[in-house]
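Reading through the structure tokens given below for one structure.
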Amino acid sequence: MHKADVGRRSTTKRKREMADRFFPNELPDFVAGPGATADASKVPVIDRTEDSLTKLLFLPDETFFDKLERSALDIKQTVVRETWGFGGKRVQDYTLYTGVLGTAYLVFKAYQVTKNQNDLQLGSEIVKACESASRDSGRVTFICGCAGVYALGAVLAKHASDKRLLDRYLTQFKEITFPTGLPEELLYGRAGFLWACSFLNKHIGKNTISHAHMQAVVDQIIRAGRQLASEGSCPLMYEWHGKRYWGAAHGLAGIMNVLMDMELKPDELEDVKGTIRYMIKNRFPSGNYPSSEGSESDRLVHWCHGAPGVALTLIKAAEVFGDKEFLQAAVDAGEVVWNRGLLKRVGICHGISGNTYAFLSLYRLTGNAKYLHRAKAFASFLDDRALQLIQEGEMHGGDRPYSLFEGIGGLAYMFLDMNVPSEARFPAYEL
């Protein structure tokens, strides 16, 4: 076989594999015009075919967000019933990622939106049940460890004005010890512990977890990153399970995102900036990002691996450093998400719900109405079609279909977050 034929077949196969991962984006895009606003009902577009999805997208903003809130609260009730009510309130998986702590995080979000005290009480009840299950797990992060249990428990206790319980959770948090061999990444490693510290400092008060308490962890992350990076041209590099990942969940994007919230020395800040620039320089020609160092597979457009998660880190970098290079790279990543991010999955880790946050975050940063329109377009697709597509087998509902990160729990969370889109934050990633 001729080499050119092999190349053509390889390219065709790659295109087919990518197409199998996402729906073609036929959603009406934003078209700027005189007096264009963030309200999609006033946005001029080329085509307004009157199907149910398009009708939903072009509702007035207040009506649209009310519709999403009602959908979210209905889904929340299903999630609570399936993860908490039917299980006899026994905890098998306590984690925020796929377990009942994710349900507690969702009902806390519902409380923030509706001020329903029943949600606050339910969240506290779930967290209490997660305590014993997480205590001897050996995992110390927010998303997959005991730090998430204690941190969320403390925040819920503060909202409930229960000072005794708040103090108990904070004491438990400060007594967390690290097992040997802990990696640096977000889901299971040191960065995931530091994120929990920042979460507490935001929601409880500045210096709830002191700089001194976090400093040794920061020093270890910087030291490990420099040591592994000494072999290459990137200032910081990390490994997880033998791979040098780039994404938000296990790699560079997630670790840099956390480090930008820490008090770093000037040379450490330069290493963070240099690492992000290295990623931009070595992205794929498509604008997407490799899942790991040296990977040539331009397939994944997820929060965990690829442009959506990297976009959130780039947006953070643009906010922290005020660098136009980071802003432009974030905009470029957003184009990848618009073109290839309408995934055949529902969740926030690797689904449409998570990818929607790339637009919400770009809207928060830039105020550009285009990004709010695109977030509403993805949300409209989910509200109008997701549950039916899941039932028909055309869309993956997640291995844990009611969980926060894989299932419809994350869908409900994102819908609630759009209640005030300029304040939306990817759960357990953006502060």
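The values are calculated or read from the model by the stated rules, or taken from the named source; none is laboratory data. Predicted model, so just to flag it, every value in this text is computed and none were measured. Positions of Cβ are backbone-derived with ideal geometry, glycine not excepted, and every protein chain shown enters the neighbour counts. Only protein heavy atoms, including side chains, enter the accessible area calculation; ligands, DNA and RNA are left aside. Shrake-Rupley method; radii C 1.70, N 1.55, O 1.52, S 1.80 Å.
Results, tabulated for the structure shown:
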item	result
Residue among Ser10, Ser52, Ser41 that alone is small (Gly, Ala, Ser), open to solvent by 20 Å² or more (accessible area, probe 1.4 Å) and at pLDDT 90 or above	Ser52
Among (1) open to solvent by 10 Å² or more (accessible area, probe 1.4 Å); (2) in contact (Cβ under 8 Å) with a residue 12 or more places away in the chain, the one test that Lys281 misses	(2)
Search result, residues across segment 201-226 that are aliphatic (A, V, I, L, M), closer than 24 Å to Leu252 by Cβ and loosely packed, with under 14 Cβ neighbours inside 10 Å	Ala216
Hey, Ser198 more than 16 Å from Ala104 (Cβ to Cβ), of a type in the set (Gly, Ala, Ser) and surrounded by fewer than 16 Cβ atoms within 10 Å (Cβ to Cβ) or not	no
Flag if Val149 is hydrophobic (A, V, I, L, M, F, W, C), within 13 Å of Ala104 (Cβ to Cβ) and either surrounded by fewer than 24 Cβ atoms within 10 Å (Cβ to Cβ) or under 21 Å from the mean Cα position of the chain (by Cα) (or both)	yes
Looking only at segment 252-278, and only at residues there that are closer than 20 Å to Glu430 by Cβ and charged (D, E, K, R), the one that is least open to solvent (accessible area, probe 1.4 Å)	Lys273
Qualifying residue in segment 88-101 (condition: closer than 30 Å to Glu125 by Cβ, polar (S, T, N, Q) and modelled with pLDDT under 95)	yes
Single residue of segment 163-182 satisfying the filter (open to solvent by 30 Å² or more (accessible area, probe 1.4 Å) and farther than 17 Å from Glu131 by Cα) that is modelled with the highest pLDDT	Lys163
One residue from Phe426, Phe405, Phe359 being assigned to a helix (DSSP H, G or I) and either open to solvent by less than 40 Å² (accessible area, probe 1.4 Å) or more than 20 Å from Gly148 (Cβ to Cβ) (or both)	Phe359
